[in-house]
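The values are calculated or read from the model by the stated rules, or taken from the named source; none is laboratory data. Quick caveat: nothing in here was measured; it's all calculated off a predicted structure. For neighbour counting, all protein chains shown are included, and Cβ atoms are generated from backbone atoms with ideal geometry for every residue, glycine included.
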Amino acid sequence: MLTALLAKTAALPVALTIGISGTARHHPVEIDRDAPVITRDDIVIHAPLERIWKIQTDVEGWPAWQPEVIEATKRTPGPLRPGSVFRWSVHGLADIDSTVKQVVPQRRIAWGGPAQGITAVHVWTFTPCKDGVRVHTEESWSGAPVEANAPALQQALDTSLDTWLHRLKAEAESRS
């Protein structure tokens, strides 16, 4: 009985966990709401959800549409899932090892990890809407470098996420 239950729950989205009562509960991964640097941003993309999701979760394809991303390599084969690790470099931060914390296919993905003393948590949500898909992102940064220069790092993260969203929009809307 336990083996059958485990086999069934292995296919459930990560956001669902089975409680002692046997009922499913939603436990979304969240940013660090106490972090000194937090950015929230969103955009509506006029493209199919499936296309947007594919572009966003194709980590190794990021450099093709985001010139700020110098390189990106998945260290865990297969589709992104909880525990997947990818290494990437962006102007100003090299060798970022991010670990996927949560995946709800075509709805939500969260990853995070440390890079050069900064601990980041990054959450993306994808919501179909009248005009396309609303893509919302939130990211928090904490750690000694952030505390030492929060205003500059706040501006850097604000700019980075705004640029990412606009590049994702351009890429998704240009593909047919």
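Selection of the range 45-60 for residues being surrounded by 16 or more Cβ atoms within 10 Å (Cβ to Cβ) and closer than 19 Å to residue 136 by Cβ yields 45, 47, 49, 51, 52, 53, 55, 56, 57.
Pairing each residue of the range 114-143 that is closer than 18 Å to residue 45 by Cβ and among the acidic types (Asp, Glu) with any residue that is modelled with pLDDT of 95 or more and assigned to a strand (DSSP E or B), provided the two are 6+ apart or on different chains, yields C-beta distances under 6 Å for 131/44; 138/40; 138/123. Within the range 31-60, restricting attention to residues that are part of a loop (DSSP other than H, G, I, E, B) and farther than 21 Å from residue 156 by Cα, the residue that is nearest to the chain's Cα centre (by Cα) is 58. Among the numbered conditions (1) without any contact (Cβ under 8 Å) to a residue 60 or more places away in the chain; (2) small (Gly, Ala, Ser); (3) farther than 21 Å from residue 32 by Cα, the only one that residue 92 does not meet is (1). In the condition set (1) within 16 Å of the chain's Cα centre (by Cα); (2) over 21 Å from residue 49 (Cα atoms), residue 143 is compliant with all but (1).
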